[in-house]
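Report on the structure given below.
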Amino acid sequence: MMDDWVECKLGDLLTLKNGYAFKSSKYTEEGIPVIRIGNIKNWLISIDEAKKIKENVEYDDYIIENDDILIAMSGATTGKFGVFKSNQKAYQNQRVGNLKLNSKTNVNKKFVFNLLYSIKHQIEKEAYGGAQPNISGKKIHNLNTILPPLPIQRVIVSKIETLFSSLDQGIADLKKAQAQLKIYRQAVLKKAFEG
């Protein structure tokens, strides 16, 4: 089975598409959200605090699609990435890279997301070469990786999702136990002072 795994470059799997240099003077109260580096939070893209711009066909090449993986290309948070989970129209700002799959038939997008997470340290290492952290599409494309066959990618994704689900349940149980301990502690203190 190991023979089916292929050594490749990240650029064999995906292409990094750069964003548009929107002028801050063009931002408006209403309009289409512009996804900037600050909108990449906790592995997701948040449009809650996104700047907005009037819709314009000039920006159509920078529309972000549901499930696109975006990465911060410069600044203190270089290398952080997240998934855009919305069908709402949004534009991609400059220094935000959009990691587009080269093939949807040989590569599972969720697998690529987890792969990126596993090599995040390597991406950050490539970025911190100067005073201002910065990574280029070329550096991302040149990162080495190993790609398993599609059925194995699906198995890996399924196992990761199962483990994360168990972890989420454990966190929920822990929070519930903490709340119950707080109530118990208050009851003990009340009993102690009331005699």
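Using 1/(1 + (r/R0)^6) with R0 = 41 angstrom and r between the beta carbons of Q132 and E58, what's the FRET efficiency to the nearest 0.05?
Between Q132 and E58 the formula returns 0.90.
Compute and list, largest first, the equivalent-ellipsoid semi-axes of region 95-155 from the alpha carbon gyration tensor, each √(5λ) rounded to a whole angstrom. Provide the component values of the computation, followed by the final result.
Values: eigenvalues 126, 29, 16 Å².
Semi-axis lengths for region 95-155 are 25, 12, 9 Å.
Given a Förster radius of 30 Å and the C-beta distance between N102 and E49 as r, what FRET efficiency does 1/(1 + (r/R0)^6) yield to the nearest 0.05?
With R0 = 30 Å, the Cβ-Cβ based efficiency is 0.40.
In what sequence, highest mean first, do 157-163, 84-90, 110-116, 171-177 appear when ranked by Cβ atoms within 10 angstrom?
110-116, 84-90, 157-163, 171-177
Once every DSSP H run of n ≥ 4 in the chain is given -39500 (n - 2.57) and the sum is divided by its residues, what mean residue ellipticity at 222 nm do you get, rounded to the nearest 500 deg cm²/dmol?
Helices in the chain give a 222 nm mean residue ellipticity of -12000 deg cm²/dmol.
Taking every pair of Cα atoms in the chain, average 1/r, invert it to obtain the Kirkwood radius, and report Rg/Rh to two decimals.
Answer for the chain: 1.12.
Taking the Cα-to-Cβ direction at K120 and at T77 and moving 7 Å from each Cα, how far apart do the two end points lie in nm?
Output for this residue pair reads 1.2 nm.
With a 1.4 Å probe and all protein chains left in place, how much accessible area per residue does region 89-195 have, in Å²?
For region 89-195, the per-residue accessible area is 68 Å².
For region 14-39, list residues with backbone N below 19 Å from a point placed 7 Å from the Cα of I152 toward its Cβ?
It comes to 14, nothing else.
The values are calculated or read from the model by the stated rules, or taken from the named source; none is laboratory data. Keep in mind the model is a prediction, meaning the values are calculated, not measured. Every residue, glycine as well, gets a Cβ built from its backbone with ideal geometry; the counts of neighbours run over all protein chains shown. Protein only, heavy atoms only, side chains kept; ligands, DNA and RNA dropped before computing areas. Shrake-Rupley method; radii C 1.70, N 1.55, O 1.52, S 1.80 Å.
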